[in-house]
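Beneath this line is the structure, given in structure tokens, with notes to follow.
The values are calculated or read from the model by the stated rules, or taken from the named source; none is laboratory data. Bear in mind that the values here come from a model prediction, so they are computed numbers and not experimental data. Positions of Cβ are backbone-derived with ideal geometry, glycine not excepted, and every protein chain shown enters the neighbour counts.
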Amino acid sequence: MNRLEEELKKALRQVEPPTGFAERVLARAASAKEKKKARWLWVLEWMEASTWRWAAACALCVVLATSGILYRRERQRKGEEAKEQVMLALRITSSKLQIAAQSIREIGAPEGPQR
Amino acid sequence: MRRFGIIFALLAVTQVAFAQDWDPGGALKRLAAKADKTVDVTLDQSMLQFASGFLDTKDPDQAQAKKVIANMKGIYVHCFEFDKSGGYSTEDVASLRAPLKEPEWSRIVNVRSKHEGENVEVYFRKEDGKFTGLVVISTEPTELTWVHVLGPINPDDLRRLGGQFGIPHVEIDDKPSTKKGESK
Amino acid sequence: MREHQRMVFSIAYHFLHNGAAAEEVAQDVFLELFKKLGTLESRAHVTFWLRRVACHRSIDYARRNKGAAAEVSWDELPEPSHSIERGQAHHDPMLTKRLQQMVAALPEKMRMVVILRYQEEAGLEEIANTMGIPLNTVKSTLHRAHAMLREKIGQALGEANV
């Protein structure tokens, strides 16, 4: 190893993180878990609150289901379109390669004279 | 929120990396402006993967297509038709060929039909011993086609390409050939 | 966690050249580790995963915070103002500091390759796998990094020995 590499190894030696790093990470992990739990509790409380909220929730479900159906239809349409594009691209590529290959076969050499 | 930002940034970088519709010297744009009819197919890796999910494996052509595109990173096809000959110039074709003179590209086929006026050139890009790109330039008096396939490409896939989609199968020799005449 | 915190923090620190930013990145890496722990199969897998995520997170952080504190431009870095006698450089903390600054001023990909090579003593193939780049790219990047660093610091190290 040359001098530069030796110096680089020294310069880039591992360093200790600041004191308390591990504790701070664990504290963040615990806090993230609490937030997630609190979010779910909030949803439950909200749903228990009153009847009209239940109705609103049902309406929302219907809207989501409908938009889900519409989304799936649109996705299907786009998928069919993409599929047609792929087939078109492959047909064009194939036909051009076919022309080249057929000419090679007819001429009987990798690169022949003009027909 | 920051997590979504990171995911979004990662996705954006991936999209940019894969969207590689190549326009050598701006030739394709010029040709599109001059052509009377244009057919463009631009499919990057994400579109190919999306389309693959809709290919019906019960249909032999579509099943074969699925195999061929499985590892591809993109297919870009541009066909230009002109009402009369002379619609495109030698400079246009030279612009398309220019980047293919780089060492990583090899022209493996150059077929010219003086009688029918059709010329087909096939170029392969090779990196680390693997085929990573294919370009086909086809010129006729009133038509020019540019096909760019971003690999990796398996020569077997190429043979499949030549033998499917309603087109009879023909062997393609992938040994490099010497140049013999240029078209137009 | 304590076993790996030096590695993760150091990658971020040497890349970002900023302690607070390095801690933020390192914390994010470990928080992600807690979620993914069930999917990691072995100790070696954990190490590889941490290294890879630390690399990518550090690069993402740098890109998001371009122009923020501690960004050093390569062209603005002066060459060392003094040359060092052979043998003296071994114990020169200024040289170490200068090298750290130079590494922090390298382009991002190059910087990470250098850090993985010399901090982690990773092999070239390991670096390629960690960063998700081809092996040849790692080789050429490292070669260019050496050339760039030698150009700046060659005098200080005594040219014959570089």
Open item on the list: Just to verify a result, which residue in the stretch A:55-96, among those that are farther than 23 Å from B:Ser46 by Cα and among the small types (Gly, Ala, Ser), is farthest from the other protein chains (Cβ to nearest Cβ)?
Closed with: A:Ala55
TODO: Spot the failing condition for A:Thr19; the list is (1) over 28 Å from C:Glu120 (Cα atoms); (2) surrounded by fewer than 10 Cβ atoms within 10 Å (Cβ to Cβ); (3) within 14 Å of chain C (Cβ to nearest Cβ), and only one is missed.
DONE: (1)
Open item on the list: It is to be established whether one or more residues within the stretch C:82-98 are within 14 Å of chain A (Cβ to nearest Cβ) and modelled with pLDDT of 90 or more.
Closed with: no
Task: Segments classed as strands (runs of 3 or more DSSP E), wholly inside the stretch B:49-142, with at least 1 members that are within 22 Å of A:Glu84 (Cα to Cα) - done: B:74-81, B:130-140
Task: Residues of the stretch C:1-43 satisfying the condition of being at the interface with another protein chain (Cβ under 10 Å from one of its Cβ atoms) and either hydroxyl-bearing (Ser, Thr, Tyr) or in contact with a Leu (Cβ under 6 Å, 6 or more places away or on another chain) (or both) - done: C:Val8, C:Ser10, C:Tyr13, C:His14, C:Ala22
Task: Of all residues in the stretch B:112-145 being closer than 14 Å to A:Thr93 by Cβ and more than 10 Å from every other protein chain (Cβ to nearest Cβ), the one that is surrounded by the fewest Cβ atoms within 10 Å (Cβ to Cβ) - done: B:Tyr123
Task: Hey, B:Leu100 among the hydrophobic types (A, V, I, L, M, F, W, C), buried (at least 22 other Cβ atoms within 10 Å of the Cβ) and modelled with pLDDT of 90 or more or not - done: no
TODO: Kindly indicate whether A:Lys9 is within 8 Å of another protein chain (Cβ to nearest Cβ), within 35 Å of the chain's Cα centre (by Cα), basic (Lys, Arg) and surrounded by 11 or more Cβ atoms within 10 Å (Cβ to Cβ).
DONE: no
- [ ] Select from the stretch A:69-85 the residues that are aliphatic (A, V, I, L, M) and either within 20 Å of B:Asp59 (Cβ to Cβ) or outside any helix (DSSP H, G or I) (or both) and list them in ascending order.
- [x] A:Ala82
- [ ] Please work out if C:Ser10 is within 12 Å of the chain's Cα centre (by Cα) and polar (S, T, N, Q).
- [x] yes
